[in-house]
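First the structure, in the form of structure tokens, and then the observations on it.
The values are calculated or read from the model by the stated rules, or taken from the named source; none is laboratory data. The shown structure was predicted, so the numbers you read here are calculated from the model rather than taken from an experiment. Here the Cβ positions follow ideal geometry from the backbone for every residue, glycine too, while neighbour counts run over all protein chains shown. Keep in mind that these areas ignore ligands, DNA and RNA; they rest on the heavy atoms of the full protein, side chains included. Shrake-Rupley method; radii C 1.70, N 1.55, O 1.52, S 1.80 Å.
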Amino acid sequence: MKNIPYILIAIRFLLAPIIFFLAYVKGEESRFVILALMFIGLLTDIFDGIIARKVGVSSEKLRRLDSQVDLVFWLSLGLATYFLNTELIKSHWQSIALIFIMEGLCYIISILKFGKETCTHAFLSKMWGLSLLIAFTYLIGFQQAGWAFHLTIILGIVSHIDVILIILILPKWQYDVPSFYHAWQIRQGKQRKKTTFFN
């Protein structure tokens, strides 16, 4: 049981190059296979943390690994979307570039302050992840941006602002911080009760 979270993370990591390969080589005919792999990846992301906390192996090392694999996984889906809908993505490049800039800022600010990458697993970031799932479903499956894409951009901006505030408020590096409000409580010396299903 203690190895299952690592196996789930490894599965998600291996799905990334498969998704990239399918989109680049197979193109249009791979759309629904990629969508299926995306949902499998999401399930591994949900259950790796829950199982890790349940069996008592949730650690800094595991959570940092989880965060970095998440980044690789979603980037592979972003690249796949570009290969499958090049013109559609190009028409929204400003919004996409803004998200990439904010993601970079989160890493830069965290490394400058703590010497480590960010690993908050914040609540808004989880909501953003779900919105990414919906947006990629529309983009890859139906070749549409629409409301799902715009919702993802808005949630992406809000969630990254939340992470930046968490980093700035925390007195020392910490993983699994649900929001900037919780970071402020930590700064005030208050202990937060963790849960199995969140962090």
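Here are the numbers for the structure shown:
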| quantity | calculated |
| --- | --- |
| Residue ID - farthest from Met38 (Cα to Cα), chosen from residues in the range 92-126 that are open to solvent by 70 Å² or more (accessible area, probe 1.4 Å) and either touching a residue at least 24 places away in the same chain (Cβ under 8 Å) or of a type in the set (Val, Ile, Thr) (or both) | Lys113 |
| Scope the range 50-78; condition touching a helix residue (DSSP H, G or I) at 6+ places or on another chain (Cβ under 7 Å), in a helix (DSSP H, G or I) and either free of Cβ contacts under 8 Å to residues at least 40 places away in the same chain or over 15 Å from Phe13 (Cβ atoms) (or both); matching residues | Ile51, Ala52 |
| Residue within the range 96-109 that is farther than 16 Å from Val163 by Cα, part of a helix (DSSP H, G or I) and of a type outside the set (Lys, Arg) present | yes |
| Flag for Ile157 being in contact with a helix residue (DSSP H, G or I) (Cβ under 6 Å, 6 or more places away or on another chain), open to solvent by less than 60 Å² (accessible area, probe 1.4 Å) and in a helix (DSSP H, G or I) | no |
| Test: residue in the range 49-64 that is aliphatic (A, V, I, L, M) and open to solvent by 60 Å² or more (accessible area, probe 1.4 Å) | no |
| The one condition in (1) of a type in the set (A, V, I, L, M); (2) open to solvent by 30 Å² or more (accessible area, probe 1.4 Å); (3) more than 23 Å from Ile96 (Cβ to Cβ) that Val177 fails to fulfil | (2) |
